[in-house]
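Notes follow the structure.
Since every read-out is calculated from the coordinates, none of them should be taken as a lab result. Just so it is clear, the structure is predicted and the values come from calculations on it, not from any experiment. Glycine also receives a Cβ, built like all others from the backbone with ideal geometry; neighbour counts cover every protein chain displayed.
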Amino acid sequence: MYIAPDLLDAIRAHGAETYPEECCGFLLGRPTARGNHVLALRPVPNRQADHRERRYTITPADYQAADRAARQQGLDVVGFYHSHPDHPARPSATDLAEATFPGYTYVIVSILQGIPDALTAWSLAPDRSRFDAEPISLTEPEPSTR
Amino acid sequence: MPATSTTSVTIHIPTPLRSFTGGSASVEVTGQTVGEALKDLVRRHPALEPHLYTEDGRLRSFVNIYVGDEDIRYLDRDATAITPGAELSIVPSIAGGR
């Protein structure tokens, strides 16, 4: 994943804001041969009815709205982010069981006692058996796309 | 020539699945129902199948199929009839947690 530092900070801030509940949102950008280039974020409410401190849900309607918004900016939905309140920034068994398609970048930020901690990126293996860690390469901020 | 019994429709493919459709953002398929159209899609692009269907052949729970703006769960699901030129979309719902 390629992303500007201020976007990573915005993900961390969203996780701190919703703590002790999980935050979630979309990564908008462009798929490239070297990985997804994230150029904008689209935070969305956690639609999970209960246990939002350990579960998140993004509805198909949210996806469609994000997809439309992305296309209006000449971008695509390239992934998702969510927080793990008081839990490590690695995919859980639930994350794997609910995983969608290989090719999306899944960002996870750990929020410990309300303070953002580790932030990691993952992608689903082509055989759906596991998440593989994705390197995070920092880019220059691109204000024109936000 | 027998009268044609097929209906040609378009299925829009989410970005990450385009690596399984040769890069195509949409695929023309045939079928009288949503179920038939999806079966035609995976026949044309078999690498899509494990990402859309479970091993026992059911649509994965996070895979939502829309005909236009309507979720087929609120229509007749797989048996939802489609008309020529219909546009189908594959829309994921996303979930997880610690």
What list of ³J(HN,Hα) values in whole Hz, one per residue of the range A:98-109 in order, does the Karplus curve 6.51 cos²θ - 1.76 cosθ + 1.60 (θ = phi - 60°) give from phi, with Gly and Pro shown as x? 9, 4, 8, 10, x, x, 7, 8, 10, 9, 10, 10
Partner chain Cβ atoms within 10 Å, averaged over the residues of A:96-107 - can you pull that number for me? 6
Kindly rank B:19-29, A:113-123, A:83-93 from highest to lowest mean number of other beta carbons found within 10 Å of each residue. A:83-93, A:113-123, B:19-29
Rounded to whole Hz, the Karplus (6.51, -1.76, 1.60) HN-Hα couplings of the range B:67-77, x for glycine and proline: 9, x, 9, 9, 6, 5, 5, 9, 10, 10, 6
Running a GNM on chain A with Cα contacts under 10 Å, which residue among A:21, A:134, A:98 ends up with the highest mean-square fluctuation? A:98
Using DSSP to define loop residues, name the chymotrypsin sites (Phe, Trp or Tyr not before Pro) in the range A:1-75 whose beta-carbon has at most 16 other beta-carbon atoms within 10 Å. none
Efficiency of FRET from Cβ geometry, residue A:130 and residue B:75, R₀ 25 Å, rounded to 0.05: 0.10
Filtering trypsin sites (Lys or Arg not before Pro) in the range A:1-73 by DSSP loop and by at most 15 other Cβ atoms within 10 Å leaves A:34
For residue B:26 paired with residue A:61, estimate the spin-label separation in nm (one decimal), with each label point 7 Å from Cα along the Cα-to-Cβ line. 2.5
What is the distance in Å between the Cα centres of the range A:74-130 and the range B:22-98? 25
Modelled FRET efficiency - R0 22 Å, residue B:54 with residue A:71, Cβ distances, 0.05 increments: 0.15
Using θ = phi - 60° and the Karplus curve 6.51 cos²θ - 1.76 cosθ + 1.60, what whole-Hz ³J(HN,Hα) does each residue of the range B:15-20 get, with Gly and Pro shown as x? 3, x, 7, 5, 5, 9
Under a 5 Å amide H to amide H cut-off, with H placed in plane at 1.01 Å, what residues pair with residue A:83 once short-range neighbours are removed? A:23, A:109
